Amino acid sequence: MPPTSLELSTLGHRIRHQRLAHGYTLDELGAVVGVAGSQLSLIENGKREPKLSLLQAIATATGVDVGDLLSTEPPNRRAALEIELERAQTSSVFRQLGVPPIKVSKGMSDDTIESILGLHRELQRREREAIATPEEARRANTELRLMMRDRDNYLPDIEKLAEKQLKAAGHVSGALTHRTVSIMAEKLGFELLYVNDLPHSTRSVTDLEHGRIYLPPASIPGGHGLRSMALQAMAHRLLGHKRPTDYADFLQQRLEINYYAACCLMPETASVGFLQQAKKDRNLAVEDFRDAFGVTHEAAGMRLTNLATQHLGIRLHFLRVDGSGAITRVYENDDLPLPMDVTGAVDGQIACRRFSARAAFSEQNRTTEHYQYTDTPAGTYWCSTQTGSTSDGEFSITVGVPFDDARWFRGRETQKRATSTCPDESCCRRVASDVSERWSGKAWPSARVHMQMFSPLPRGAFPGVDDNEVYDFLDRHA
């Protein structure tokens, strides 16, 4: 591939550095290597790519290797400043200003260039902050969801990586123990430490210098959560993650570490064997899958989306819905009609009142799964829903499949049936006309606004993380 303008600029600076170090003028060096001084000037200014034979001649004349001239490192601080300024002035952010670029002269001091670069760095920082908006996050999240739907929510490379790490740690079968997770960390050169003073904006902190992964206290409820957090922290290292370049990159990394943790907690080989037997028995159930591996209902439901299409030939959908009816997590590859905004985003949208995901909140018995068939404009779907609650309120977890695939699941004999015509507003979003007329102009509701609407996306290198808190924490534990 031809070199870029920045590579040519670095090459030009290195040639100029060697020429001046040996006391040559442009014309003098040009005479030695057989080209006009004006041609050599174009090369030094990054405007022309030299032939290899000319590079060899210049290297011989200046007493260096060709490799030294081709190095990508600037030859000195001044060259580094000029190259960085050239890069900044060719960026799209700067070009959009319509301001002519500054031409660097020999008389321009290093301090002047540093000052100009400071303005460019601040311009870039503000641009990064400006694009980190809720709209940008929703767009990136939608693109990621659609990408995973195209892949049937299955990432084979991460599946293989997890199986390899589990085998190396000696895990054979059954629920993954905390001890095995600790062994997996040790093999990566990390020690798991449980502390009470983690920064409030973090789930874990990895000290790369001292080989430590800090986690919340081991006494907190929900061992699955602690195992998962440790595995996620390890996944960053195993998957070679770097600092996220934008919010889309951050979301991609989050998806990959969550996927890796799920693969370890519910390994592919064992999980597929369990599910295939359950399908053979026509007794597939999320609650059985959950209990077999000692994870949460939500984790089991999401893991089923990774494996059901790839290994069982079943298309399905997954919904986590909060008590207000808002969809907080979603996956589907079975064409279930879901509410979307104009950007195609589903998260945050209100699920149909007729869906099992919402109807289950009215059930008296919350300890078992609830089953329902729902007729929709896209066909009939069977769903299994489990409800729960946290300090933030109620939620439901739903896994469902098209009607024909219900025959593989426990609960298929349910007589409960509903009809949804959403997104038609007459289904559940429009009040009856007589009620509307009765109260029109006589009621004034005060809306509850979700606080996340006002929460800006993070400004630091890692979205949502307060860098000052993290560095203070590491200083305390170093």
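Quick query: amide H of residue 191 versus all other amide H atoms, modeled in the peptide plane; which residues come in under 5 Å with a sequence gap of 5 or more or a different chain?
Here the answer is 212, 213, since their amide H atoms fall under 5 Å of that of residue 191.
What relative contact order, as a whole-number percentage, does segment 205-289 give when Cα pairs under 8 Å and 6 or more residues apart are counted?
Computed over segment 205-289, the figure is 22 percent.
Would you work out what percent of the accessible area of the chain, with all protein chains in place, is carbon or sulfur (probe 1.4 Å)?
52 percent
Largest first and in whole Å, what are the equivalent-ellipsoid semi-axes of segment 101-195 based on the Cα gyration tensor, each being the root of 5 times an eigenvalue?
47, 24, 14
If each DSSP helix of 4+ residues adds -39,500 (n - 2.57) and the sum is divided by the residues in the chain, what number results at 222 nm, nearest 500 deg cm²/dmol?
-14000 deg cm²/dmol
Under the definition of Cα pairs under 8 Å and six or more residues apart, what whole-number percent is the relative contact order of segment 10-136?
Rounded, it is 23 percent for segment 10-136.
Using the Cβ atoms and a cut-off under 11 Å, what net charge is assigned to the surroundings of residue 235, where Lys and Arg are +1 and Asp and Glu are -1?
Summing Lys and Arg as +1 and Asp and Glu as -1 gives +1.
Tell me, what ³J(HN,Hα) does each residue in segment 271-280 have, in order and in whole Hz, if you take phi through Karplus 6.51 cos²θ - 1.76 cosθ + 1.60 with θ = phi - 60° and put x for Gly and Pro?
Each residue's phi maps through the Karplus curve to give 5, 5, x, 5, 5, 5, 5, 5, 5, 4 Hz.
Looking at segment 93-179, which trypsin sites (Lys or Arg not before Pro) are DSSP coil and have at most 14 other C-beta atoms within 10 Å of their C-beta?
Loop-located and lightly packed - 103, 106, 151.
Tell me the Kirkwood radius of segment 1-126: reciprocal of the mean inverse pair distance over distinct alpha-carbon atoms, in Å.
15.5 Å
Where the centroid of each part is defined by its Cα atoms, how far is segment 164-218 from segment 1-79 in Å?
A separation of 51 Å, based on Cα centres.
Per residue, what accessible area does the chain have, given a 1.4 Å probe and all protein chains present, in Å²?
Spelled out: the 1.4 Å probe surface of the chain, per residue, equals 54 Å².
May I ask you to evaluate 6.51 cos²θ - 1.76 cosθ + 1.60, the Karplus curve with θ = phi - 60°, for each residue of segment 88-98 and list the ³J(HN,Hα) values in order in whole Hz, giving x for glycine and proline?
Result, rounded to whole Hz: 5, 7, 9, 6, 5, 4, 6, 4, 5, 6, x.
How far apart, in nm, are the 7 Å Cα→Cβ label points at residue 311 and residue 425?
4.6 nm
Amide H neighbours of residue 329 under 5 Å, at least 5 residues apart or on other chains, H built in the peptide plane: list them.
Under 5 Å from the amide H of residue 329 lie the amide H atoms of 320, each far enough along the sequence or on another chain.
Using the eigenvalues of the Cα gyration tensor, what equivalent ellipsoid semi-axes result for the chain when each is taken as the square root of five times the eigenvalue, whole Å, largest first?
56, 29, 23
For segment 350-394 and segment 249-263, compute the distance between their C-alpha centroids and round to whole Å.
27 Å
Once fully extended, how much extra length lies between residue 157 and residue 417, figured as 0.36 nm per residue of separation less the alpha-carbon to alpha-carbon distance?
Using 0.36 nm per residue and subtracting the Cα-Cα distance, I get 89.6 nm.
Extension gain residue 391-residue 20, at 0.36 nm per residue separation less the Cα-Cα distance, in nm?
Answer, rounded to one decimal: 126.6 nm.
When the expected Rg is taken as 2.2 N^0.38 Å, what fraction or multiple of it is the alpha-carbon Rg of segment 251-388?
Computed over Cα atoms of segment 251-388, the ratio equals 1.06.
Give the relative contact order (percent, whole number) for the chain; include only Cα pairs under 8 Å separated by 6+ residues.
In percent, rounded to a whole number, it is 12.
Considering the zone a paramagnetic label at residue 368 would reach in this model (a point 7 Å from Cα along the Cα-to-Cβ line), which residues of segment 385-405 have amide N under 14 Å from it?
385-387
Based on Cβ point charges of +1 for Lys and Arg and -1 for Asp and Glu, what charge dipole magnitude is obtained for the chain about its Cα centre, in debye rounded to the nearest 20?
700 debye
Around residue 314, which amide H atoms from residues at least 5 apart in sequence, or from another chain, sit under 5 Å from its own amide H, with H modelled in the peptide plane?
For residue 314, whose amide H was placed from the backbone, the distant partners under 5 Å are 309.
With θ taken as phi - 60° and the coefficients 6.51, -1.76 and 1.60, list the Karplus ³J(HN,Hα) couplings across segment 259-270 in order, rounded to whole Hz; mark glycine and proline as x.
The phi angles translate into 5, 4, 4, 5, 5, 6, 5, 9, x, 4, 4, 5 Hz.
Identify the trypsin sites (Lys or Arg not before Pro) of segment 240-299 meeting these criteria: DSSP loop state and at most 13 other C-beta atoms within 10 Å of the C-beta.
242, 282
With r as the distance between the Cβ atoms of residue 258 and residue 288 and R0 = 22 Å, compute the FRET efficiency 1/(1 + (r/R0)^6) and round to 0.05.
0.45
Eight or more residues apart or on different chains, and alpha-carbon atoms under 29 Å: count the Lys pairs in the chain matching that.
Step by step, the pairs that qualify in the chain add up to 19.
Give the calculated FRET efficiency between residue 403 and residue 437 to the nearest 0.05, with a Förster radius of 45 Å applied to their Cβ-Cβ distance.
0.70
The values are calculated or read from the model by the stated rules, or taken from the named source; none is laboratory data. These numbers were taken from a predicted model, which means no experiment stands behind them. Please note: Cβ atoms are built from the backbone with ideal geometry, for glycine as well, and neighbour counts cover all protein chains shown. Each accessible area value is taken on the protein alone, full model and side chains, heavy atoms only, with ligands, DNA and RNA left out. Shrake-Rupley method; radii C 1.70, N 1.55, O 1.52, S 1.80 Å.
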